[in-house]
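Here the structure is laid out as structure tokens; the discussion comes afterwards.
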Amino acid sequence: MEATTILPILKKKLAFLSGGKDRRSGLILTIPLSSDQTSMEELSATLDYLLSIPSEKCKARGFTVIVDGRKSQWNIVKTVVLMLQNVIPAEVSLVCVVKPDEFWDKKVTHFCFWKEKDRLGFEVILVSANKLTRYIEPCQLTDDFGGSLDYDHSDWLNKRLVFEKFTKESTSLLDELSIINETDKSSGHELLSELQQRRFNGSEGGGGGQGAWCPMEEELLAQPQVMKLLDSLREQYTRYQELCRQRNKRTQLDEIHAKVMQVVTWLQGPGSELLKTQQAIGDSMRTAQALQQKHEEIESQHSEWFAVYVELNQQIAALLSAGEEEEVAELKSLQQQLSDVCYRQAAQLESRQNVLQAAHSFHSTTQELSQQLDGLLGMLCADVAPADGASIQQNLKLLEEKLQTVEAGLTSLRQKGSLLLEQMCSPPSWTLEETESPGGDQQDNVQQIQSVMDEMQLRKQRCEDMVDVRRLKMLQMVQLFKCEEDALQAVEWLSELLDALLKTHVRLGDDSQETRTMLDKHRKFVDVAQSTYDYGRQLLQATVVLCQSLRCTTRSSGDTLPRLNRVWKQFSVSAEERQHRLELALSFHGNAERQMCVEAESLDEVDSSGKTLLDRLTMPVIFPDGVKGNNGVNERFEFIKHTQKILFLLRLI
């Protein structure tokens with residue numbers, strides 16, 4: 001089918017191929033229905049003609065049909081969709097029915113296209129014009145649907161008519177030339193052969209009779225003319241073949257040049273604009289992931305053009321191997337231009353991908369560090385009420401571990417922030433022009449990264465200051481528990497010294513030397529007890545100071561101080577009594593020993609000291625609280641007997 005046969009119908013623009021492609025690289029067929037009644041026969045003829053244009057390879061990718069029903073009635077739209085089932089069912093992949101904004105809703109419910117998918121053979125969706133970009137990229141849509149693809153139907157139709165005319169005339173001319181060449185070549189050779197044969201026969205019969213044939217003069221003249229014409233035909237045919245070959249090469253070069261410029265134009269135009277609009281790095285892991293998904297969509301769009309680049313590169317390489325010098329220079333120039341643009345765009349895509357990966361890692365570390373700081377702050381804000389020093393040490397160790405974790409997280413954040421800044425500020429490895437200075441978005445990103453790191457540093461510093469205060473408090477609490485524990489130990493030691501004083505320190509010696517030795521030991525024993533008491537008092541005083549420092553009103557020395565004072569008073573009374581008795585015993589033994597050596601007039605003095613000692617020994621130790629102490633009763637009776645024995649012996653002397 002030729003355009004001239006249905007030219008009036010094509011001028012109505014009942015349907016058209018804009019040149020746009022869907023995400024499967026299939027062609028987009030648009031059917032703009034109008035408010036006037038649309039002829040289904042004319043629409044069918046238009047579709048038949050349009051479907052005859054693409055190659056079988058293009059048809060195999062499938063069509064996306066856009067039925068613009070915004071100005072039409074619902075029954076016409078439904079009829080058109082059902083008609084596609086009979087016209088192009090195998091080639092249709094998706095039908096997008098662009099609906100009006102305010103009506104059809106009730107009518108659509110009477111016919112659900114999605115229920116008819118198996119019968120129709122393709123999927124049909126109802127969509128608003130502003131939501132059509134969910135299925136087709138804006139750069140592949142015309143301005144009727146908010147896209148950026150340029151399409152002029154009149155210009156397309158004129159070019160189509162010229163193309164079909166040229167194709168028809170060229171094909172006809174080629175057929176005629178082929179016929180002329182074959183026919184003239186055959187008839188010319190036959191004519192030349194016949195003329196030459198007749199000339200040869202005539203020359204042989206020149207001396208014969210009257211019946212011999214004699215060639216006419218024009219026949220003789222025709223031979224060189226036929227030969228000349230045959231040579232001209234050969235020359236013209238050869239020249240025509242060369243012209244066709246040159247035109248074919250030129251056509252190939254023009255096609256390659258057009259495709260190269262199409263790739264270059266898209267990469268430097270819409271492709272670069274897509275990358276320029278994607279400069280953000282997000283402010284969280286969620287936004288960074290969304291940006292990565294958007295970048296993957298951009299990469300997918302670029303992949304289609306990179307596939308065209310690979311195909312063009314192969315075609316150029318094939319032409320370079322058999323091209324002439326001028327053609328080789330042009331092809332190499334195109335190849336270099338295409339490679340430079342594609343490599344540059346690929347480098348920018350890779351650089352953007354690296355930035356997004358670094359941003360995602362940075363935000364992930366930021367979130368993790370923020371959670372660690374929140375946990376540390378929660379631990380610092382909680383009241384510390386441990387039961388003993390061991391639990392305080394455990395809490396202090398846990399606090400130090402959390403602080404070390406935060407420090408390691410902040411170090412990791414700085415490293416990843418520096419890497420992200422380096423990725424953002426470093427130009428791609430493949431550049432064709434001088435590196436542009438960072439734009440406003442880039443500077444905002446740098447400030448954002450620096451702000452996040454500064455904020456985390458400030459939060460860490462605050463927590464570190466609070467950790468120092470908490471550490472001091474916990475160490476003071478450890479010291480408080482230690483002082484209380486040591487004070488109780490001092491009370492126990494002093495109690496043990498008192499018990500030893502009352503139970504074991506009861507002998508007074510058998511002579512003055514032994515008693516004097518025991519008196520010296522007793523004084524040292526009392527010094528030890530005094531040191532123990534002083535140590536306990538100092539610990540309890542330190543406990544009071546620590547409680548005041550910690551503002552720990554619920555804790556105090558309790559009954560430790562009264563116990564310490566009570567035990568010390570009991571010990572003091574017992575020690576004083578013990579010392580007095582030893583001194584009396586020393587005096588008694590000294591008098592007795594002197595009596596052994598001198599006259600008997602001193603007997604009364606010895607007897608008096610002995611009785612005083614005996615009276616002292618018979619008296620129990622009374623503590624300040626009225627309690628009687630157990631001052632070694634058995635040993636006291638033995639010493640009384642010993643004293644009475646000494647007095648008896650002195651009387652005998």
Simple spin-label estimate for Ser128/Met261, 7 Å along Cα→Cβ, in nm, reads 4.0 nm
Karplus ³J(HN,Hα) for the stretch 353-362 (6.51 cos²θ - 1.76 cosθ + 1.60, θ = phi - 60°; Hz, whole; x = Gly/Pro) runs 5, 5, 4, 5, 5, 5, 5, 4, 5, 5
Net charge near Gln335 (other residues with Cβ under 14 Å of its Cβ; Lys, Arg +1; Asp, Glu -1) is -2
Here the net charge surrounding Ile256, from other residues whose Cβ is less than 13 Å away from its Cβ (Lys, Arg +1; Asp, Glu -1), is -1
By the mean-Cβ-within-10 Å protection proxy, highest first, 409-415, 152-158 rank as 409-415, 152-158
Simple spin-label estimate for Ser303/Thr411, 7 Å along Cα→Cβ, in nm, reads 4.1 nm
So for R0 = 51 Å, FRET eff. of Thr79-Arg247 from the Cβ-Cβ r, to 0.05, ends up at 0.65
Scoring only Lys, Arg, Asp and Glu (+1, +1, -1, -1) among other residues with Cβ under 14 Å from the Cβ of Ser34 yields +1
Counting only backbone N atoms under 14 Å from a point 7 Å out along Cα-to-Cβ of His153, the residues of the stretch 128-147 in range are 142-145
To the nearest 0.05, the calculated FRET efficiency linking Asp510 and Gln461 through their beta-carbon distance, R0 being 60 Å, is 0.20
For the stretch 308-426, the per residue accessible area (1.4 Å probe, Å²) is 51 Å²
Taking a probe of 1.4 Å and leaving out DNA, RNA and ligands, the stretch 487-553 shows per residue an accessible area in Å² of 57 Å²
Counting sequence-distant residues (5 or more places) and residues on other chains, those with an amide H built under 5 Å from that of Gly19 are Ile28
Residues whose modelled amide H sits under 5 Å from the amide H of Ile66, counting only those 5 or more places away in sequence or on another chain, are Leu29, Thr30, Ile31, Cys96
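Over the stretch 450-524, with every protein chain in place, what whole percent of the accessible area is carbon and sulfur at 1.4 Å, could you tell me?
52 percent
The values are calculated or read from the model by the stated rules, or taken from the named source; none is laboratory data. Being a predicted model, the structure only gives us computed values, none of them experimental. Positions of Cβ are generated from backbone atoms using ideal geometry, with glycine treated the same way; all protein chains shown enter the neighbour counts. Just so you know, the surface numbers come from the protein's heavy atoms only, side chains and all, with ligands and any DNA or RNA stripped out. Shrake-Rupley method; radii C 1.70, N 1.55, O 1.52, S 1.80 Å.
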